[in-house]
Structures are given as structure tokens and as C-alpha cells.
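What follows is a short report on a single structure.
The values are calculated or read from the model by the stated rules, or taken from the named source; none is laboratory data. Predicted, not measured: the structure shown is a model, and the values here were computed from it. Note that we place each Cβ from the backbone using ideal geometry, even for glycine, and neighbour counts take in every protein chain shown. Heavy atoms of the whole protein, side chains included, go into the accessibility calculation; ligands, DNA and RNA do not. Shrake-Rupley method; radii C 1.70, N 1.55, O 1.52, S 1.80 Å.
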Amino acid sequence: MPAVMEERQDSNIVLEKRPDLEGYSECNIVFTDISQGNTNRDRRIVVREPDGTLREGHWDERDRMNFLFFQREGQTYKMSSVLEDEHLENAFNRNGHVDVLDLVCVQCEPDSTDYIRVHQRTYEDLNRKRSFDLLRSTRHFGGMVYYFTKEKILTWLLVDILKRDLISDACDVVQLFHILHPSSKSAVISKQERLEGVDLVKVYVETEGPRGLLQFLEEDNKTLKSA
């Protein structure tokens, strides 16, 4: 499963100020440690600005230097237009969600703005179309489940899982919801009553889902109805 991370923030760490170097160059000078054994995330990259300030490199500068010296297979200097918002819809209309996610994983770091944006847009399109099965049995399914659970937009995915009679999977998803949202009504009741299995799913649907959803699911799923 590809990494899921919070969006990165630029470092404002200044290492030194050298007014005596002001005017030495009209451009920033970037110094990159290309020693073996470093990763693109921990590699030392610093920038000397025209006014003599030496600082840690910003993320866009780090990305350019890492691409220059340690380009990943399939990665391009300029991000593919397919990953731009105005073109994503065309890819989605062709059910190219997996291709889009594979491409952004090669092109971008997992905490970059574009990586997070493309993943969120893809997941939201799948939720809108109820097309979760497009990611099932791929490495991206777990990331989608995590996103829906974190954002509390889990209902339709859970309905899809239950319609396939994947009760164990449904229990896992609800447990993840309780981990991410321990103060939710569902989590509190489940903890107090020490609920497990199907009962865990039922209390989630009843407390967190739309009104009437539990009855609808029970009519459609024999396991839920008999529990």
C-alpha cells in the first residue's frame, strides 16, 4: 500500500547569515549531498541566497535536485498533464483510476500537495460513482478505505462491503473508524458494551449511518438480520 502522510510544510531553518557574500551571485546556489546511503527524504540539500543567507532547501528545490541526481524510473521533470485537475475527469470517465494513482506514486512524494490532491480527487470520484471495486485487489484499496474512514464518508463503502457479504472486512473497517474517531458515538457504545463482530457493524450503521440504513441492510444481508 502506498504511503499515507500529512501534507509537508517548508522548512524555514536558516543555517547562517553571511552579509560579506552578498552580491557574489545573482541566483540561488544549491548544494546537494549525493553520497550513497542517503534517501531522497533525508538527503542534505541547502541553498545559499544572493544576500548571503544559507538555509535548508524548500521542498520544490529538494524535488528538483532529487530528480536531477536520483530520478525514479518513469518519473518526469514536468508533471504529466493527466494529473492536472482539468484532465483528471477524462481519466476517471475511462475508469483509469488505478493508472492515475500509479502515475502519481511514481511522480510525487507521498506528502506533497499534488500527491495528496490526486489521491483525494480519485477517492471522491469513486465514492460518488460507488465504483469501489475498481480498486479492490489493488495496492490502493487500503488508502481509499483509510481516507473515507478518516473523513467520515464511509457509508457507501460499508454498504458495498456488506452487499458482498464480507462481514469480516466490515468489522475491520468499523474498528479502524473507532481508532481514528474514539469519541464518536459508535466507538463509545462499542467500548462500553464490549461489542464485537456483527454487533460492532450494526451499532456503527445505526449511530453513524443515515436513518433507515440498518433496516435496509438487514433485509439484504442474512448475517446482519440473524445477529
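Odds and ends about this structure:
- Base-10 log of normalised Debye intensity for the range 14-70 (one unit scatterer per alpha-carbon) at q = 0.19, 0.26 Å⁻¹: -0.66, -0.99
- Couplings 3J(HN,Hα) for the range 147-152, derived from phi with the Karplus relation 6.51 cos²θ - 1.76 cosθ + 1.60 (θ = phi - 60°), are 4, 4, 5, 5, 8, 6 Hz, where x marks Gly and Pro.
- For the chain, the longest principal axis of the alpha carbon atoms and the long axis of helix 167-180 meet at an angle near 50°.
- If you model the chain as an ellipsoid using its alpha carbon gyration tensor, with each semi-axis the square root of five times an eigenvalue, the axes come out at 46, 21, 14 Å, biggest first.
- Carbon plus sulfur fraction of accessible area for the chain, probe 1.4 Å, in percent: 49 percent
- Cross-link reach list, aspartates and glutamates versus residue 185, counting only Cα pairs under 17 Å and skipping chain neighbours closer than eight places: 151, 193, 196, 199, 206, 208
- Computed packing ranks the peptides 193-200, 43-50, 14-21, 27-34 as 43-50, 193-200, 27-34, 14-21, most packed first, by mean other Cβ atoms within 10 Å.
- Entry comment: accessible area of the range 14-70 is 64 Å² per residue, from protein heavy atoms only and a probe of 1.4 Å.
- Rolling a 1.4 Å probe over the protein heavy atoms leaves residue 181 with an accessible area of roughly 30 Å².
- Charge tally in the Cβ shell below 13 Å around residue 62, where Lys, Arg are +1 and Asp, Glu are -1, residue 62 excluded: -3
- Computed from phi, the 3J(HN,Hα) profile of the range 85-96 under the Karplus parametrisation 6.51, -1.76, 1.60 (θ = phi - 60°) reads 3, 5, 10, 4, 4, 4, 5, 5, 5, 9, 6, x Hz, with x in place of Gly and Pro.
- Rounded to the nearest whole Hz, the Karplus-based 3J(HN,Hα) values (6.51 cos²θ - 1.76 cosθ + 1.60, θ = phi - 60°) of the range 199-211 follow the sequence 4, 5, 5, 5, 5, 5, 4, 6, 9, 10, x, x, 4, with x at glycine and proline.
- Probe 1.4 Å - accessible area at residue 156, Å² to nearest ten: 110 Å²
- Charge dipole magnitude, Cβ of K and R +1, D and E -1 - the chain, Cα centre, debye nearest 20: 680 debye
- Entries in 129/163; 129/202; 152/202 that, when Cα-Cα distance is taken, lie over 18 Å: 129/202
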